[in-house]
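J.: The following block contains the structure, expressed as structure tokens.
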Amino acid sequence: MLKYLNAQGEGFDADIAKALKAPLGDVRTLVAALAVSGDVICCKVTRYIDGKMIEGVSCRLSGTVPR
């Protein structure tokens with residue numbers, strides 16, 4: 001996941017799970033662990049796609065500026 005974030009700059013948990021072909025629950029667990037260790041910075045995000053509310057977590061590597 002760190003390689004993905006390094007290449008993409010920032011990622012939404014559902015997009016990361018899809019790109020890595022990993023279960024969303026596993027990605028969220030890993031994101032939480034990486035946030036505790038300080039490797040990533042995360043925030044809760046609500047997106048509206050075609051009028052549908054989608055909640056998730058956006059994250060990026062610590063010490064980087066989103067592109």
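The values are calculated or read from the model by the stated rules, or taken from the named source; none is laboratory data. Owing to the predicted nature of the structure, the values given are computational and were not obtained by experimental measurement. When we count neighbours, we look across all protein chains shown, and the Cβ atoms used for this are built from the backbone with ideal geometry, even at glycine.
J.: Out of 60, 47, I need the residue that is part of a strand (DSSP E or B), among the basic types (Lys, Arg) and more than 12 Å from the chain's Cα centre (by Cα). Which one?
T.: Of the residues listed, the single one that is part of a strand (DSSP E or B), among the basic types (Lys, Arg) and more than 12 Å from the chain's Cα centre (by Cα) is 47.
J.: Additional query: Cβ-Cβ below 8 Å, separation at least six or inter-chain, first residue in region 1-12 and under 17 Å from residue 29 (Cα atoms) and of a type in the set (Gly, Ala, Ser), second buried (at least 16 other Cβ atoms within 10 Å of the Cβ) and at pLDDT 90 or above: which pairs?
T.: Between residues of region 1-12 that are under 17 Å from residue 29 (Cα atoms) and of a type in the set (Gly, Ala, Ser) and residues that are buried (at least 16 other Cβ atoms within 10 Å of the Cβ) and at pLDDT 90 or above, the close pairs are 11/5; 11/58; 11/59; 11/60.
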